[in-house]
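Undergrad: Sharing a structure below in structure tokens format, with a few things to ask.
The values are calculated or read from the model by the stated rules, or taken from the named source; none is laboratory data. These figures come from a predicted structure and were not determined experimentally. Cβ sites come from the backbone with ideal geometry, for glycine too, and all protein chains shown count toward neighbours. Each accessible area value is taken on the protein alone, full model and side chains, heavy atoms only, with ligands, DNA and RNA left out. Shrake-Rupley method; radii C 1.70, N 1.55, O 1.52, S 1.80 Å.
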Amino acid sequence: MYQRIFVPIDGCRASAHSLDEAIKLAKATGAVLRLFHVFDAATFSRGIAGTYNGDGTQLLKELGKNILENGQALVEASNVKADSVLLDSAGARVSDCVVEQARVWDAD
């Protein structure tokens, strides 16, 4: 049965639904959750179509922390154990970061 469930979240409605389902599954199986959020400061700092030229790393980090804190609050309210990880992709593809972190954590 499931013991470790990896849950990437980004604050959108779909990820909130995924988190709800992961919580249900964890409650049913006794699994532990890992909430994961990755941000791409390198792309943000280069700007979208050259419109932004500041360092957005701190902003993205704060937004990511808020997303994880909100997710963690939902998990704790459900009496499920979880931890969370925030990662800057450093220009790597976000999807590759998600897959790598799931492997590192040895998720089911």
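Undergrad: For the stretch 80-108: of the residues being touching a Lys or Arg at 6+ places or on another chain (Cβ under 9 Å) and within 13 Å of Ala31 (Cβ to Cβ), which is surrounded by the most Cβ atoms within 10 Å (Cβ to Cβ)?
TA: Out of the qualifying residues, it is Ala82.
Undergrad: Pairs only if they're at least six apart or on different chains, beta carbon under 9 angstrom, first in the stretch 65-80 and more than 16 Å from Glu21 (Cβ to Cβ), second part of a loop (DSSP other than H, G, I, E, B) and of a type outside the set (D, E, K, R); list them, first residue then second.
TA: Asn66/Gly11; Ile67/Ile9; Ile67/Gly11; Leu68/Ile9; Asn70/Ile9; Asn70/Gly11
Undergrad: Check whether at least one residue in the stretch 53-62 is at pLDDT 95 or above and hydrophobic (A, V, I, L, M, F, W, C), and report yes or no. Write out each step before concluding.
TA: Going through the stretch 53-62, the residues at pLDDT 95 or above turn out to be none.
Checked against the condition, which is being at pLDDT 95 or above and hydrophobic (A, V, I, L, M, F, W, C), the stretch 53-62 yields no hits at all.
Undergrad: Return the residue satisfying two criteria in turn: it lies in the stretch 21-52 and is open to solvent by 90 Å² or more (accessible area, probe 1.4 Å) and not polar (S, T, N, Q), and of such residues it is modelled with the lowest pLDDT.
TA: Ranking the candidates gives Ala49 first.
Undergrad: Right, something else. I need the full set of residues from the stretch 77-108 which are in a loop (DSSP other than H, G, I, E, B) and not charged (D, E, K, R), in order please. Give the steps one after another, and end with the answer.
TA: Looking only at the stretch 77-108, we keep the residues that are in a loop (DSSP other than H, G, I, E, B), and these are 78-81, 89-93, 106-108.
Across the stretch 77-108, the qualifying residues are Ser78, Asn79, Val80, Ser89, Ala90, Gly91, Ala92, Ala107.
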